[in-house]
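The structure appears below as structure tokens.
Read-outs: derived from the displayed coordinates by stated rules, not from any lab. Treat the numbers as computed from the prediction; the structure is a model and nothing was measured. FYI the Cβ positions are ideal-geometry reconstructions off the backbone, even for glycines, and counts take in every protein chain you see.
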Amino acid sequence: MSRWLCFAVSALMMLVSVSVRADLPATVSRVKPSIVAVGTYEPTRSPAFRFLGTGFVVGDGLTVATNAHVLPASVDANRRETLAVAIPLGDKVNVRSAEKLRSDPAHDLATLRIVGPALPVLVLSSGEAEEGQSVAFTGFPIGSALGLKPATHRGIVSAITPISIPRGNARELNARQIRSLGNDPFSVYQLDATAYPGNSGSPLFDPVSGAVLGVLNMVFVKDTKENVLSKPSGISYAIPVRYLNDLLY
């Protein structure tokens, strides 16, 4: 490759990178109104809303997508506890009641139905993310401590990897790994961006178009892929959006 051609390729890559960075602020401003906190509400509790994870609005504006593991196993009806979402509105939070609509435990996805006026929606991508592709996600990292202020992180898809990695000795596989390998093996997006507890359920989106490419997952995938590690790796993962499309449609 000639020196001129190398220079031209480098210049083009720099222009693409600059374009992505320039577009991201506008995309974030479009994405944030669709981000909600998922949790439970109990009127006599302090705080009344208990944060469990992130969700985002899709479809008709009253449907919220999140991870299945974010939802509580049950609510205490005797204490008037209900499933709910919290919508940040400046320095205030609007809490709306919700009910579970559908669930896909195999891919750790779920949808909720909320009451009230429709909210802005995110568009789901009909395609797949590629290795090396720039991505971003918005949610509530450590929301119970840092507050319900949507935060955005960006990075790239560093790999497309199986959810379970077979071990040399079958005795090293736990029950969840065995089920995922034997029943419905699938691949997830490995990200070089750092996510935190509370980011579960955040939308992974294209920084330019805002189209959702996947759903962040901080428990289900890590437990499957990293159970032999003594310390968390810091690697983040997302479930490809095609499984959410299947759940919705």
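See the values below:
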{"quantity": "Contour minus Cα-Cα distance for ALA159 and ALA118 (0.36 nm per residue)", "calculated": "11.2 nm"}
{"quantity": "Protection proxy ranking of 104-115, 124-135 - average other beta-carbon atoms within 10 Å, highest first", "calculated": "104-115, 124-135"}
{"quantity": "Stretch gain in nm, segment THR44-ILE142, where the contour uses 0.36 nm per residue and the Cα spacing is subtracted", "calculated": "32.9 nm"}
{"quantity": "Spin-label pair VAL95/THR194, simplified geometry with 7 Å Cα→Cβ offset, distance in nm", "calculated": "3.2 nm"}
{"quantity": "Cross-link reach list, aspartates and glutamates versus LYS149, counting only Cα pairs under 18 Å and skipping chain neighbours closer than eight places", "calculated": "ASP91"}
{"quantity": "For segment 24-114, convex hull of alpha carbons as volume per residue, Å³", "calculated": "103 Å³"}
{"quantity": "Under Karplus coefficients 6.51, -1.76 and 1.60, residue-wise ³J(HN,Hα) of segment 194-200 in Hz, glycine/proline x", "calculated": "8, 10, 10, x, x, 6, 3"}
{"quantity": "Residues THR82 and SER187, FRET efficiency given R0 of 35 Å [Cβ-Cβ distance, rounded to 0.05]", "calculated": "0.45"}
{"quantity": "Label-zone membership for segment 78-108, site VAL219, 7 angstrom Cα→C-beta point, backbone N under 12 Å", "calculated": "108"}
